[in-house]
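Structure first, then comments.
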Amino acid sequence: MASVSKIIVIGNVGRDPELKMTPNGRPVCEFSIAVNRVSGRGDERQEQTDWYRVSCWSGLAERAQQLIQKGRLVYVEGRFQARTYTDREGKERFSLEISANDFQLLDSRRDREGGMGGGEPAAAPKASDDTGFDPDEIPF
């Protein structure tokens, strides 16, 4: 039987994507995603944010550079890696990283601009207009 490693996250882009080229000339685009989660009950309920660093490669990298912007709601699917590294100050740090296979924008420009102007269509429409996706309805 084959092994599988897959992660799916839905969250808001924390920084604009950066497109770079590897020494071999392969495009790689990196950005971060904030995923909020709630723990506890009643008065003990707390919201926490997990940050993921996302890397897209080749054609997906170029598409990400064109479409993704800070603040956008995005679905990312890929392979998960946890990594430790030493920062510039010599402190050991922990990083949650996703090598993306695919992504979809889940909001529209109109949503981000407070309903003003003609926005682009979303990759997956919002359920509030009875046409599709509502993150609160995900069964997991």
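Since every read-out is calculated from the coordinates, none of them should be taken as a lab result. Computed from a predicted structure; not experimentally measured. Virtual Cβ from ideal backbone geometry, glycine too; neighbours counted across all protein chains shown.
Laid out as a table, the results:
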| item | result |
| --- | --- |
| Descending principal axes extents, the stretch 3-84, alpha-carbon based, whole Å | 53, 33, 22 |
| Charge context of residue 4, other residues only, Cβ under 15 angstrom, K/R +1, D/E -1 | +1 |
